Amino acid sequence: MTVVHAAVVHAAGVHAAANGPSLAGGLGGFRLILHVLAATIWVGGQFTLAGLLPTIRTLGEDAPKTVGRAFARLLWPAYAVLVVTGLWNIGALTVSQASAAWKAVLMVKIAVVAVAGVAVFLHQRSSTRRGTAVWGAIGAVASVAALCLGVFLAG
Ligand code: HEM
């Protein structure tokens with residue numbers, strides 16, 4: 001590659017960066033797609049099920065528990081994908097060069113994700129309506145918080 005050609009490629013790179021968004025690279029794009037797809041199941045699924053609950057209750061006394069168990073078969077694999085792709089996200093980024101604020105948000109996010117997981121687990125295991133409602137609410141709020149913090153991390 002001649003010096004002139006290298007200069008042109010560099011200028012084009014600076015020009016593109018200065019002038020706007022660029023497409024996510026192949027593997028990076030795939031990593032984020034997996035992460036966001038799992039987030040749609042974990043976060044979106046909780047709200048969808050909550051919205052369907054009044055109708056599910058008309059199907060019989062055991063229907064909420066039965067549907068909840070079926071949903072759990074989707075929910076926990078999605079959580080596992082979030083944790084694995086989340087760690088992959090960290091591995092793919094040069095975190096050492098990130099700002100203190102970015103690192104702080106990542107730490108808060110990881111704590112919030114842990115709270116979301118524990119709360120949803122306790123929600124599914126609760127034998128009282130109050131426990132089911134309180135842990136369900138904590139799990140949903142923590143899940144949305146993780147999503148918001150993720151968007152901020154993505155920059
Ligand atoms: C409930 C669990 C989680 C949810 C709902 C969630 C959601 C998200 C969302 C929506 C994004 C933004 C994607 C984008 O705008 O392109 C994101 C990015 C990110 N998430 Fe998560 N996430 C979760 C768990 C985790 C975990 C456990 C980790 C780390 C161990 C993690 C690390 C990251 C990182 C580093 C980014 C930035 C990725 C980048 O810019 O390349 N996430 N997350």
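Residues of the range 118-128 that are within 15 Å of the ligand (Cβ to nearest atom) and farther than 16 Å from ARG73 by Cβ: VAL118, ALA119. Hey, any hits in the range 98-117 for a residue that's aliphatic (A, V, I, L, M) and over 17 Å from PHE152 (Cβ atoms)? The answer is yes; a qualifying residue exists. Criterion first (away from the ligand (no atom under 13 Å from the Cβ), touching a residue at least 60 places away in the same chain (Cβ under 8 Å), open to solvent by less than 40 Å² (accessible area, probe 1.4 Å) and part of a helix (DSSP H, G or I)) does GLY131 satisfy it? Against the criterion (away from the ligand (no atom under 13 Å from the Cβ), touching a residue at least 60 places away in the same chain (Cβ under 8 Å), open to solvent by less than 40 Å² (accessible area, probe 1.4 Å) and part of a helix (DSSP H, G or I)), GLY131 does not qualify.
Mind counting the residues in the range 51-77 that are away from the ligand (no atom under 16 Å from the Cβ) and either part of a helix (DSSP H, G or I) or charged (D, E, K, R) (or both)? Of the residues in that region, 18 qualify. Answer yes or no as to whether ARG57 is of a type in the set (Lys, Arg), open to solvent by 70 Å² or more (accessible area, probe 1.4 Å) and modelled with pLDDT of 90 or more. It is true that ARG57 is of a type in the set (Lys, Arg), open to solvent by 70 Å² or more (accessible area, probe 1.4 Å) and modelled with pLDDT of 90 or more.
Only one of the listed residues (ALA111, ALA39) is open to solvent by 40 Å² or more (accessible area, probe 1.4 Å) and part of a helix (DSSP H, G or I). That residue is ALA111.
The values are calculated or read from the model by the stated rules, or taken from the named source; none is laboratory data. Please read these numbers as outputs of a predicted model, since none were measured by experiment. No Cβ is skipped: glycine too gets one built from the backbone with ideal geometry, and neighbour counts run over all protein chains shown. Note: areas computed on protein heavy atoms with side chains; ligands, DNA, RNA excluded. Shrake-Rupley method; radii C 1.70, N 1.55, O 1.52, S 1.80 Å.
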